[in-house]
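Asks: Supplied in structure tokens, the structure appears directly below.
The values are calculated or read from the model by the stated rules, or taken from the named source; none is laboratory data. Keep in mind the model is a prediction, meaning the values are calculated, not measured. Virtual Cβ from ideal backbone geometry, glycine too; neighbours counted across all protein chains shown. All accessible areas refer to the heavy atoms of the entire protein, side chains included, with ligands and DNA or RNA removed. Shrake-Rupley method; radii C 1.70, N 1.55, O 1.52, S 1.80 Å.
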Amino acid sequence: MNGSQRVDPIRLAMPSKGHLYEGIIEILKTAGYKVRRASDRQYEATISGQPRFHVVFMRPTDIVLQVQEGRCHLGVTGMDVYAEHAFEAQQAVVVDPDLGYGGCRLVVAVPESWVDVGHVLDLVDLTSEFKSAGKTFRVSTKYPALVRQYFRKWGIYYYQLINSEGALELHPSLGIADVIVDLTSSGVTLKDNRLREIAGGIVLDSAACLIGHAPSLASLADEGETGPLALLLDALDGVRRSEGLLHLEVVGGPAEPGPETAAKVADYLREQGARHLVRGEVWDDRGLPGWRVTALVAAKKLTACQRALLGLGASRIVGLPAQFVFDRAAASTFDDLKKRLADDGGATS
């Protein structure tokens, strides 16, 4: 590509605030894509060292619609938001369904006093009873499309949806609705408002996700493994696989029997869940032989392991945060996306 050839920018839509915003900013920074935003009031930004990327900030719902229209090539939103609008946004495809943060679930919650309602199947009979008594079974939610699809799957037909963007947890106690379908992560807010989930009542498992405009993705994918899309997705893969891991180096000096001790250390680390174990020889500054074991280990386990490792003969233990982990055997988001786009003609997911 010569210097005079025009290169189109890649527009990346991100939430303007909240946990979805904070999470992706941190992930991108770790991946080497630092977003430069002058203030929270600015709705455009750049990425350091990545001139083709142009960042725009908007509401999660608007992100799905703008990606669908092709005005943005990529977008970060919640899987719940994408799924709610998927029917009307068929050109917007999921690139990565879980960016590793923002985990929650969309659930059916009923009043704690409903002791006879323990499973979603109980709602089939209950809604029929409401209908026979001339009453309307009311469901408050921010996700009408997902609720209709979910209730239809379970054979629930007699109900009225109440669309609301407010605090749904108050609706049953205020008499606005009988049950709610809303997001929860820990369930604490539901419990505080005397509500509870029911068995089989998970409508959707959600997390922060990356979506893209299918025709634009197909064009970017054609730029190959060194193109900006491939490099971004590979970096995100590497960061996600490294989360919570340390690159561990355990070294023993010449006083210990090398191969036997290294084998014992490797066996112990394997029992602790360590991965990618490698053993080798080392020499100190006097030229005396020693041994070394390297591995990937959960950061939370190192402190508990260090005394055992020293007891086995280690003279030094070093654990460094793993920033990227690339593994030949692991799935590649870019390769998977490219295959899906080829199978679907670059138009749908």
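Asks: Could you say which residue among 41, 52, 11, 59 is open to solvent by 40 Å² or more (accessible area, probe 1.4 Å) and closer than 14 Å to residue 208 by Cα?
Replies: On the way: 41 fails: closer than 14 Å to residue 208 by Cα; 52 fails: closer than 14 Å to residue 208 by Cα; 11 fails: closer than 14 Å to residue 208 by Cα.
Result: 59 is the single residue among 41, 52, 11, 59 that is open to solvent by 40 Å² or more (accessible area, probe 1.4 Å) and closer than 14 Å to residue 208 by Cα.
Asks: Might you let me know whether the range 261-269 holds any residue that is part of a strand (DSSP E or B) and either β-branched (Val, Ile, Thr) or in contact (Cβ under 8 Å) with a residue 60 or more places away in the chain (or both)?
Replies: So in the range 261-269, the residues part of a strand (DSSP E or B) come out as none.
No, the conditions are met nowhere in the range 261-269.
Asks: Give the range 77-98 a look and list any residue that's β-branched (Val, Ile, Thr), closer than 13 Å to residue 206 by Cβ and touching a residue at least 24 places away in the same chain (Cβ under 8 Å), or say none. Outline the logic, then answer.
Replies: Applying the first criterion (β-branched (Val, Ile, Thr)) to the range 77-98 yields 77, 81, 93-95.
Checking which are closer than 13 Å to residue 206 by Cβ leaves us with 77, 81, 94.
77, 94 - these are the residues of the range 77-98 that are β-branched (Val, Ile, Thr), closer than 13 Å to residue 206 by Cβ and touching a residue at least 24 places away in the same chain (Cβ under 8 Å).
Asks: Scan the range 275-294 for residues that are among the hydrophobic types (A, V, I, L, M, F, W, C) and either closer than 17 Å to residue 263 by Cβ or in contact with an Asp or Glu (Cβ under 9 Å, 6 or more places away or on another chain) (or both) and jot them down.
Replies: 277, 278, 282, 291, 293, listed by residue number.
Asks: Just to be sure before I move on: is residue 147 among the aliphatic types (A, V, I, L, M), in a strand (DSSP E or B) and crowded, with 20+ Cβ neighbours inside 10 Å in the structure I sent?
Replies: In short, no.
For every residue, the table says whether it meets (1) farther than 18 Å from residue 178 by Cα; (2) more than 20 Å from the chain's Cα centre (by Cα); (3) modelled with pLDDT under 95.
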position	(1), (2), (3)
86	yes, no, yes
90	yes, yes, yes
96	yes, no, no
137	no, yes, no
142	no, yes, no
156	no, yes, no
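Asks: Sticking with this structure for a sec: When both residues are 6+ apart or on different chains and their Cβ atoms are under 6 Å apart, which pairs have a first residue that lies in the range 28-39 and is on the phi < 0 side of the Ramachandran plot, and a second that is among the hydroxyl-bearing types (Ser, Thr, Tyr) and surrounded by 14 or more Cβ atoms within 10 Å (Cβ to Cβ)?
Replies: Every condition considered, the pairs that remain are 36/46.
Asks: Next up: Among the residues of the range 122-142 satisfying the criterion of being touching a residue at least 12 places away in the same chain (Cβ under 8 Å) and in a helix (DSSP H, G or I), which is surrounded by the most Cβ atoms within 10 Å (Cβ to Cβ)?
Replies: Let us first name the residues in the range 122-142 that are touching a residue at least 12 places away in the same chain (Cβ under 8 Å), namely 122-124, 127-128, 130-131, 136-142.
Still in the list and also in a helix (DSSP H, G or I): 122-124, 127-128, 130-131.
Values: 122: 16, 123: 27, 124: 16, 127: 22, 128: 14, 130: 18, 131: 14.
Among residues in the range 122-142 that are touching a residue at least 12 places away in the same chain (Cβ under 8 Å) and in a helix (DSSP H, G or I), the one surrounded by the most Cβ atoms within 10 Å (Cβ to Cβ) is 123.
Asks: To continue, here is another question. Name the single residue, out of those in the range 264-316 being among the aromatic types (Phe, Trp, Tyr) and touching a helix residue (DSSP H, G or I) at 6+ places or on another chain (Cβ under 8 Å), that is least open to solvent (accessible area, probe 1.4 Å).
Replies: Here is the first cut: in the range 264-316, the residues among the aromatic types (Phe, Trp, Tyr) are 268, 283, 291.
So of that shortlist, the ones also touching a helix residue (DSSP H, G or I) at 6+ places or on another chain (Cβ under 8 Å) come out as 268, 291.
Details: 268: 44, 291: 5 Å².
Ranking the candidates gives 291 first.
Asks: Just for the range 168-187: of the residues that are hydrophobic (A, V, I, L, M, F, W, C) and open to solvent by 60 Å² or more (accessible area, probe 1.4 Å), which one is nearest to residue 79 (Cα to Cα)?
Replies: Applying the first criterion (hydrophobic (A, V, I, L, M, F, W, C)) to the range 168-187 yields 168, 170, 174, 176-177, 179-181, 183.
Right, trim to open to solvent by 60 Å² or more (accessible area, probe 1.4 Å) and you get 170, 174, 176.
Details: 170: 25, 174: 30, 176: 27 Å.
Among them, the one singled out is 170.
Asks: Which ones in the range 188-215 are outside any strand (DSSP E or B) and open to solvent by less than 20 Å² (accessible area, probe 1.4 Å)? Outline the logic, then answer.
Replies: So in the range 188-215, the residues outside any strand (DSSP E or B) come out as 188-194, 207, 214-215.
Within the range 188-215, 190, 207, 214 qualify.
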